[in-house]
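Below: the structure, in structure tokens.
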Amino acid sequence: MTPHDADPAPHDADPASGDTDTDTGPGTPGGAAAPGLIPAPRTLTWGPPGRRPFVLDAETVLSAAPGTEGVARLLRATVGAATGLDLLPGTEGPCVELALDAELAPEAYRLTADADALRITAGSAAGVFRGTQTFRQLLGPDAFRRAPLAPGRAWEVPAVAIEDEPRFGWRGLMLDVCRHFLPKEDVLRYLDLLAAHKLNVFHFHLTDDQGWRVEIKRHPRLTEVGAWRSRSKYGHRQSDLWDETPHGGYYTQDDIREIVAYAAERHIRVVPEIDIPGHAQAAIAAYPELGNTDVIDTTTLSVWDTWGVNPNVLAPTDNTLRFYEGVLEEVLDLFPATTSPFVHIGGDECPKDQWKQSPLAQARIAELGLKDEDELQSWFIRHFDTWLAERGRRLIGWDEILEGGLAEGAAVSSWRGNAGGIAAAEAGHDVVMCPEQQVYLDHRQDGHEDEPMPIGYVRTLEDVYRFEPVPPGLSEEAVRHILGTQANVWTEVMQNRSRVDYQVFPRLAAFAEVAWTPLPAPAERDFTGFEERMTDHYARLDALGVDYRGPGGPLPWQKRPGVRGFPREGAPPEVWTPAV
């Protein structure tokens, strides 16, 4: 019995999907319901009644055209492991064929299945890989297991023709491993989960006040000191509870290389985030000279043990610039441009109080001819924008980098609502839409008191499904600057993998469809049809071992009674109007 067998489930699934121009057809031959595909493909046509399915068995061979060998290797490692089949190379007999077609867009693919073959053709290896995820879904939930449940079983894919292509090129998940550290194996697992949902960007939040998570060899105290805190707030920062267990961890440089390579095999780009100039107390605790030493005694600081916006920010000195240039030199080596063209430098929630009190900071403002502390923050951002551009990379930061003037080549992660994204896109900057009010998955999924450590606004599965990444009213030119969208997961109240799973799923499935599939306007989307397809998808998540929130709410062991959260009531506001 899986952990979620006790949950009430939605109605039996119809074929995917009623949300697009997909032709769902009558179901598979023989009358069985077709598996609900998530995300829904652009077009899908089931074979007519009587058309024989493709049978995957011991006779099936795998043909991989040049350029698709890596996808074939992963297919044997996943579908081969789940089915117990060798899928040996070959072209004779029943065959799974992987091929490239330069006329297709890079991530576009065609999948056809009949009695003779299952063919996946795409514009690149990435598109072939996306097609294999659809293939796995068509095989059924057991194709997501790591070993066969019934060796010798025959596996069937109904006769079908699918043509598919993503709506956005940036379909991401941001995972915070600073507030609560996730071991390397858990990160690799999340890359598999992203791949299974056709997401292609992993935003890796590696530094913050509560911990520094990446080894930097020239500055060893960043992990010797900055990766560990003596205790942690339990619940929201307003809670009076503490977990007195020391907490920490970090990824060695070889761990990072493994994570990046693992992501690349799954055609996922990794965007590392190194926070500058705020969210820096862990770094200052390790190297006190990085802080505003003329305002506070930075030698008394330790890695922060609670949550919120921290007042201790980097000092605007040449030493700070050289220090972080050294950090970023090692980061660029770990995250090569071929798989990580963007580097995220944070730029958010940087209180200016210490700079206002600091004679050194005020002298810097005067020296540079800046108007105020906002422009001093912009000076930081512009410096690293230029520094990264000289090395063939692009800077991306949270929408606060708009304040004081945006660096010329910078892209924006619009988190405080749509306004920052609108302002940046209309000014000609690329934008990733990730508004807190819609796609922060640490926000609670229901208003019931049983939700564990409830944070933020209620954001249900349906709310996420009705999220629209392109803000209304954008000019045609500005729309072209919307790179895509991502969901963000901040882990203040997520102490381990199970808690992350609970907050992320099933909402990430809804988000994945929003990012991949060209859906109608939010009010016109067929959420009922999506719920029906989720019946099949819950079984896939069970096979993958995901501790998701079931449709009936938290199971007994998923609750956290008596731990104070910070629920926010009412409709989430558009909280910010940029002064640009």
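The values are calculated or read from the model by the stated rules, or taken from the named source; none is laboratory data. No experiment lies behind these values; they were computed from the predicted model shown. Note that each Cβ is placed from the backbone with ideal geometry, even for glycine, and that neighbours are counted across all protein chains shown.
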Inside the stretch 50-102, can you point out the residues that are of a type in the set (Gly, Ala, Ser) and either touching a Pro at 6+ places or on another chain (Cβ under 6 Å) or assigned to a loop (DSSP other than H, G, I, E, B) (or both)? Gly50, Ala58, Ala65, Gly67, Gly84, Gly90, Gly93, Ala102
Somewhere in the stretch 504-518, is a residue touching an Asp or Glu at 6+ places or on another chain (Cβ under 6 Å) and of a type outside the set (Lys, Arg)? no
Within the stretch 548-555, is there a residue that is part of a helix (DSSP H, G or I) and not charged (D, E, K, R)? no
Please name all residue pairs, on different chains or six or more residues apart, with Cβ atoms under 7 Å, provided the first residue is in the stretch 240-267 and is farther than 20 Å from Pro341 by Cα and free of Cβ contacts under 8 Å to residues at least 40 places away in the same chain and the second residue is assigned to a loop (DSSP other than H, G, I, E, B) and of a type in the set (Gly, Ala, Ser). Pro246/Ser230
Index of the failed condition, Gln437 passing every other in (1) at pLDDT below 95; (2) farther than 22 Å from Ala510 by Cβ; (3) surrounded by fewer than 23 Cβ atoms within 10 Å (Cβ to Cβ): (2)
Between Thr252, Thr223, which is closer than 30 Å to Thr299 by Cβ, among the β-branched types (Val, Ile, Thr) and crowded, with 18+ Cβ neighbours inside 10 Å? Thr223
Restricting to the stretch 529-567, give me the number of residues that are within 22 Å of the chain's Cα centre (by Cα), under 14 Å from Glu451 (Cβ atoms) and of a type in the set (Gly, Ala, Ser). 1
Give the stretch 373-404 a look and list any residue that's in a loop (DSSP other than H, G, I, E, B) and at pLDDT below 95, or say none. Glu403, Gly404
Just to be sure before I move on: is Gly67 assigned by TED's automatic domain parsing to the domain that holds Ala147, under 25 Å from Gly545 (Cβ atoms) and either modelled with pLDDT of 85 or more or surrounded by fewer than 16 Cβ atoms within 10 Å (Cβ to Cβ) (or both) in the structure I sent? no
Specify which of the listed residues (Gly211, Gly169) is surrounded by fewer than 21 Cβ atoms within 10 Å (Cβ to Cβ) and not aliphatic (A, V, I, L, M). Gly169
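Conditions (1) over 21 Å from Gly127 (Cα atoms); (2) free of Cβ contacts under 8 Å to residues at least 40 places away in the same chain; (3) surrounded by 17 or more Cβ atoms within 10 Å (Cβ to Cβ); (4) assigned by TED's automatic domain parsing to the domain that holds Val128, marked per residue:
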{"position": "Arg52", "(1), (2), (3), (4)": "yes, no, no, yes"}
{"position": "Ser63", "(1), (2), (3), (4)": "no, yes, yes, yes"}
{"position": "Val71", "(1), (2), (3), (4)": "no, no, yes, yes"}
{"position": "Ala77", "(1), (2), (3), (4)": "no, yes, no, yes"}
{"position": "Asp101", "(1), (2), (3), (4)": "no, yes, no, yes"}
{"position": "Tyr109", "(1), (2), (3), (4)": "no, no, yes, yes"}
Look at Ala521 and say whether it is modelled with pLDDT under 95 and more than 22 Å from the chain's Cα centre (by Cα). no
Looking across the stretch 274-288 at residues that are among the β-branched types (Val, Ile, Thr) and in a strand (DSSP E or B), the single one that is nearest to Gln377 (Cα to Cα) is Ile276
List pairs: first residue in the stretch 413-433 and part of a helix (DSSP H, G or I), second residue crowded, with 22+ Cβ neighbours inside 10 Å and among the small types (Gly, Ala, Ser) anywhere in the structure, Cβ distance under 6 angstrom, at least six positions apart or on different chains. Gly420/Ser414; Gly421/Ser414
Which residues, counting only those in the stretch 123-153, are out of contact with any Leu (no Cβ under 6 Å at 6 or more places or on another chain), surrounded by 23 or more Cβ atoms within 10 Å (Cβ to Cβ) and of a type in the set (Gly, Ala, Ser)? Gly127
Can you name the number of the only condition in (1) within 26 Å of the chain's Cα centre (by Cα); (2) surrounded by 21 or more Cβ atoms within 10 Å (Cβ to Cβ); (3) not aliphatic (A, V, I, L, M) that Phe380 fails? (1)
So Asn418 passes all but one of these: (1) farther than 27 Å from Phe204 by Cα; (2) within 25 Å of the chain's Cα centre (by Cα); (3) of a type in the set (S, T, N, Q). Which condition number does it fail? (1)
When you look at Ser340, is it crowded, with 16+ Cβ neighbours inside 10 Å, in contact with a Cys (Cβ under 9 Å, 6 or more places away or on another chain) and hydroxyl-bearing (Ser, Thr, Tyr), yes or no? no
Given the condition within 17 Å of the chain's Cα centre (by Cα), buried (at least 22 other Cβ atoms within 10 Å of the Cβ) and either in the same structural domain as Pro551 (by TED's automatic domain parsing) or of a type in the set (Phe, Trp, Tyr) (or both), answer yes or no: does some residue in the stretch 450-457 qualify? no
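One line per residue, one yes/no per condition, for (1) closer than 20 Å to Phe530 by Cβ; (2) in a loop (DSSP other than H, G, I, E, B); (3) more than 20 Å from the chain's Cα centre (by Cα):
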| position | (1), (2), (3) |
| --- | --- |
| Gln437 | no, no, no |
| Gly447 | no, yes, yes |
| Gly473 | no, yes, yes |
| Asn488 | no, no, no |
| Met494 | no, yes, no |
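Of everything in the stretch 111-123, what is farther than 19 Å from Val61 by Cα and either touching a residue at least 60 places away in the same chain (Cβ under 8 Å) or touching a Gly at 6+ places or on another chain (Cβ under 7 Å) (or both)? Give them in sequence order.
Ala122
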